[in-house]
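**Student:** The structure is given below, and queries will be raised subsequently.
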Amino acid sequence: MNVTIEAIHFNADSKLEEFITEKVSKLSQVADDIIKSEVYLSLERSQSKNYDSKVAKIRVEVPGGAIFAEKKSKSFEESIDSALEALRVQLLKRKEKQK
């Protein structure tokens, strides 16, 4: 599976990119027909909180369309984990419908 990572308005370090690639690659255990995955990382300024929200958007292309998840949290790792869990649920539902 091809994983593309794009950090919007900042440079992601290699450790974060390795973490993302490793986690996203595990989606192939749920669905083996994934064509490619695109991960978009950005910072969102929060006026009500004392920190910048880390936003992770993940788009997974599968035959017949694409699925998408977007999550925000205090860290990119947390956002990635939450988004991947949402994608895992969507992939399992898709797999059930195909049967």
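**Student:** State which residue pairs qualify: first residue open to solvent by less than 20 Å² (accessible area, probe 1.4 Å) and inside region 30-57, second residue at pLDDT below 90 and among the polar types (S, T, N, Q) in any location, beta carbons under 8 Å apart, and separation of 6 or more residues or different chains.
**Tutor:** Ser53/Ser46
**Student:** Checking the condition at pLDDT 95 or above and of a type in the set (A, V, I, L, M, F, W, C), which residue from Ile8, Ile20 passes?
**Tutor:** Only one candidate passes the filter, namely Ile20.
**Student:** Out of curiosity, is Glu22 open to solvent by 70 Å² or more (accessible area, probe 1.4 Å), within 16 Å of Ile5 (Cβ to Cβ), free of Cβ contacts under 8 Å to residues at least 60 places away in the same chain and of a type in the set (Asp, Glu)?
**Tutor:** Here the answer is yes, as Glu22 does meet what is asked.
**Student:** Yes or no: region 27-40 includes at least one residue that is in contact with a Lys or Arg (Cβ under 8 Å, 6 or more places away or on another chain), at pLDDT below 95 and small (Gly, Ala, Ser).
**Tutor:** Scanning region 27-40, I find at least one residue that is in contact with a Lys or Arg (Cβ under 8 Å, 6 or more places away or on another chain), at pLDDT below 95 and small (Gly, Ala, Ser), so the answer is yes.
**Student:** Name the strands (runs of 3 or more DSSP E) wholly within region 1-87 that hold at least 2 residues that are hydroxyl-bearing (Ser, Thr, Tyr)?
**Tutor:** Here the list reads 36-44.
**Student:** Considering only residues that are surrounded by fewer than 14 Cβ atoms within 10 Å (Cβ to Cβ) and either modelled with pLDDT under 90 or of a type in the set (Lys, Arg) (or both), look in region 66-94 and name the one that is nearest to the chain's Cα centre (by Cα).
**Tutor:** Lys74
The values are calculated or read from the model by the stated rules, or taken from the named source; none is laboratory data. None of these values were measured; they are calculated from a predicted model. Cβ coordinates were reconstructed from backbone atoms using ideal geometry, including for glycine residues, and neighbour counts include every protein chain displayed. What goes into the accessible areas is simple: the full protein's heavy atoms, side chains included, and nothing from ligands, DNA or RNA. Shrake-Rupley method; radii C 1.70, N 1.55, O 1.52, S 1.80 Å.
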